[in-house]
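Got a structure here, written out as structure tokens. Questions coming.
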Amino acid sequence: MNWNRTTRRSAGTLLAMTLLVVGAASHWTAAQSAAIRLVIDYGDGVIKTINGLPWSKGSTVLDVMNAAKVRPHGIAFKNIGSGATSFLTQIDDVQNEGGGSGKKNLQFWVNTTYADKSFGVYEVQAYDVVFWQFATYQGN
């Protein structure tokens, strides 16, 4: 009689607690698995893709590049400046050619949006794709 009511209430409470824990765990797992993909087009027919780079709130393209740097078969890169004035000058053996008509330089997009600020401050979101291309000025 009372045992039946108590057992059902306990079972209901246990089920609710289990669902909360499972829900929280799956949310935590999804947040932990959020990652960035880095794609580099060297402009000579070679494209390198590095998947599964870590993401956290506030991550910048520079953070993504630094994470790719320590990966097996990752990248090497050089930049000058810092923060909003950080400018990428080289990825692996591909170096910017400088200004002027017909000169190739490294440019980046996040997803399909051409960068409008330095890679040192450009924030990425979970599951973004950072795409660098060595080409003549592309712009928007």
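The values are calculated or read from the model by the stated rules, or taken from the named source; none is laboratory data. All values reported here derive from a predicted model rather than from experimental measurement. In this analysis, Cβ positions are derived from the backbone assuming ideal geometry, glycine residues included, and neighbour counts consider all displayed protein chains.
Note down all Cβ pairs under 9 Å where the first residue falls in region 92-109 and is farther than 19 Å from residue 38 by Cβ, the second is of a type in the set (S, T, N, Q) and in a strand (DSSP E or B), and they're at least six residues apart or on different chains.
Close Cβ pairs (under 9 Å, with a partner that is of a type in the set (S, T, N, Q) and in a strand (DSSP E or B)) amount to 97/105; 98/105; 99/105.
Then there's this: Identify, by number, the condition in (1) of a type outside the set (Gly, Ala, Ser); (2) at pLDDT 95 or above; (3) assigned to a helix (DSSP H, G or I) that residue 6 doesn't meet.
If we test residue 6 against (1) of a type outside the set (Gly, Ala, Ser); (2) at pLDDT 95 or above; (3) assigned to a helix (DSSP H, G or I), just (2) comes out false.
State the number of residues belonging to region 111-133 that are closer than 16 Å to residue 66 by Cβ and not aromatic (Phe, Trp, Tyr). Spell out the reasoning first.
Of all residues in region 111-133, those closer than 16 Å to residue 66 by Cβ come to 118-124, 128, 130, 132.
If we keep only those that are not aromatic (Phe, Trp, Tyr) too, we end up with 118, 120-121, 123-124, 128, 130.
Within region 111-133, residues that are closer than 16 Å to residue 66 by Cβ and not aromatic (Phe, Trp, Tyr) number 7.
Would you say residue 107 is in a loop (DSSP other than H, G, I, E, B) and among the polar types (S, T, N, Q)? Walk me through how you get there before you give the answer.
Working: in a loop (DSSP other than H, G, I, E, B): no; among the polar types (S, T, N, Q): yes.
Spelling it out, it is not the case that residue 107 is in a loop (DSSP other than H, G, I, E, B) and among the polar types (S, T, N, Q).
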